[in-house]
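What follows is a set of notes on a single structure, which appears directly below.
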Amino acid sequence: MFCLNIKSQHTPVRSLSFCILSTALLVVLSIRSLQGELFITDAQYMVAAGRWIIANGHLPTTDPLSIHSELTYICQQYPICILVAVLYDTFGEMSVRLFFALLDMVAVLFIWYQTFPKAGNRILHCAVSCVFGAVIVYSLRSTPRALDILCLAVSWELMEKYIESRDIRFLFGFPFLGIFIANLHGALWPCAIMLPLAALLDSKLDSNARAALAVTILLTIASAMLNPYGLDVLSLPFKTIGTSDVATVAVPELKPMFSIVPVEAVILIVISVMPVIFHAKCLGFKKTVFSFETMMISGLLFLSLMTWRNELLLLGILMIVYSTWCWKIEPKCKASSKMLSRIVLFSISVVALEFGAVLFYNTLSATDQKSISLERAFQAMREDGAVSGTAVLTDIDPGCRAELNGFKPYLDTRIEVFNGQNGQKNVLAEAGKALSSGSLSAICDDYGMDYAVLNYGINDVGIQDLKESGFKPVYSDNLTVCLKRSTV
């Protein structure tokens, strides 16, 4: 089904390209590991969720991790949770880091392997793979997002084959992708239907082909419901859209790009638009604009600008575009081959320059003192007599570390659980008001929390309020404080 056979004469070039790309990815992943970014907050709550599933023998339907046990909870990546829990408790944190590092590399190397036979210029293909691959693995961190990119890469290959051959068998893969992504990363199940949706407007297809695509989309949506939570998983992508309280609890990835990283947003627009403009110049406006490639780029660009976290999906597609789509028109537009090379090289240079600057800036503080400080605070809390299941006031990031240590926090990073969807209590609104005003003692009184673990800098007013209300430090350094109600 896939073009995985690479001619023997390309084997030395392929091996060299593989070694260069793998080296680049390993360097970036090493830096991310030093920064603690291969075991971030999401990985921590996934370990806690996996432990709960293993201990109870079933999937949760209400939140078992925080103090808000009445809230509905969908464990959208339950196989990953179980796996990382086993790895963490058997081999330690490094095994989880290794797992996510390998998962990130597999996603990038899959795209490289799929696009290598189609690349018009092996050197530029290697350069594109290294730059986009490095940016992707740098951004992925310890989340299942690599599976989303893999899903899009397989979808792209299936769609290319279908459009070239009109063989309906290539569409059979999409329902299976729907099952795959709905069970492994439920919030991103729409990845399985993005390519068929984009191809509906492709000018190369007739009405019969579009009808086949429409049926494929419906079957894929139906197949995505084949998960333990059924139809509820399909609503997950929409539970963090338009949540105004997110801004007050500081979750950057859920905000528009121009409000967080305006320069990066401009660069993303430039590198997204350039291949489309070149194609329009060579092949004409209609053939270029009304193609599934352009529809995917424009759709994901819009989603990325609207919500920063979608940028990863666009980067995966751009890696494919710059590796293959750009070179498909070279024989038809020989006069512009030099221009094409210059465009690709310029885009690579822009992305590489920005990535290099960000990498340099972040490696200046690669000791990850924040995670060490939080771990010490929760260890001090346990040494003070707190048992597993003890309620503790936290902000979002410390909440995940609390769950990893067996405590029940006030908040964690699972925005879809706390944002008041389906008429439930809006904990985010309550937390946003309390954290911004610093009136945290009232929250502790309402929920009966006798401990608080908070970061200095962003919670200084609240920390002072707790101290004035009778909370005493159990642990404190220059980053984190663990406070305990003096009557306990």
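Numbers for the structure displayed
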{"read-out": "Residue in segment 13-24 that is open to solvent by less than 10 Å² (accessible area, probe 1.4 Å), among the hydrophobic types (A, V, I, L, M, F, W, C) and either in contact with a Cys (Cβ under 9 Å, 6 or more places away or on another chain) or farther than 30 Å from E157 by Cα (or both) present", "value": "yes"}
{"read-out": "Sole exception among (1) modelled with pLDDT of 90 or more; (2) closer than 20 Å to L158 by Cβ; (3) polar (S, T, N, Q) for S323, by number", "value": "(1)"}
{"read-out": "Helices (runs of 4 or more DSSP H) enclosed by segment 375-488 - at least 1 residues per element that are over 27 Å from the mean Cα position of the chain (by Cα)", "value": "427-437, 440-447, 460-468"}
{"read-out": "Count of residues meeting criterion [in contact (Cβ under 8 Å) with a residue 24 or more places away in the chain and assigned to a helix (DSSP H, G or I)] in segment 28-59", "value": "19"}
{"read-out": "Residue in segment 162-178 that is under 16 Å from M296 (Cα atoms), open to solvent by 10 Å² or more (accessible area, probe 1.4 Å) and under 26 Å from the mean Cα position of the chain (by Cα) present", "value": "no"}
{"read-out": "Number of the condition not met by S129 [criteria: (1) among the small types (G, A, S); (2) open to solvent by 20 Å² or more (accessible area, probe 1.4 Å); (3) at negative phi]", "value": "(2)"}
{"read-out": "Residues of segment 76-95 classified as surrounded by 16 or more Cβ atoms within 10 Å (Cβ to Cβ) and touching a residue at least 40 places away in the same chain (Cβ under 8 Å), total", "value": "7"}
{"read-out": "Residue check for Q114: at pLDDT 85 or above, more than 16 Å from G406 (Cα to Cα), in a helix (DSSP H, G or I) and within 24 Å of the chain's Cα centre (by Cα)", "value": "yes"}
{"read-out": "Pair list, Cβ under 6 Å, 6 or more apart: segment 467-481 residue within 16 Å of G457 (Cβ to Cβ), other residue assigned to a helix (DSSP H, G or I) and open to solvent by 50 Å² or more (accessible area, probe 1.4 Å)", "value": "L479/K370"}
{"read-out": "Test set (1) part of a loop (DSSP other than H, G, I, E, B); (2) closer than 26 Å to L234 by Cβ; (3) touching a Phe, Trp or Tyr at 6+ places or on another chain (Cβ under 7 Å) - V84 fails condition number", "value": "(1)"}
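The values are calculated or read from the model by the stated rules, or taken from the named source; none is laboratory data. This is a predicted model, so every value here is computed, not measured. Note: ideal-geometry Cβ built from the backbone for every residue, glycine included; neighbour counts use all protein chains shown. Just so you know, the surface numbers come from the protein's heavy atoms only, side chains and all, with ligands and any DNA or RNA stripped out. Shrake-Rupley method; radii C 1.70, N 1.55, O 1.52, S 1.80 Å.
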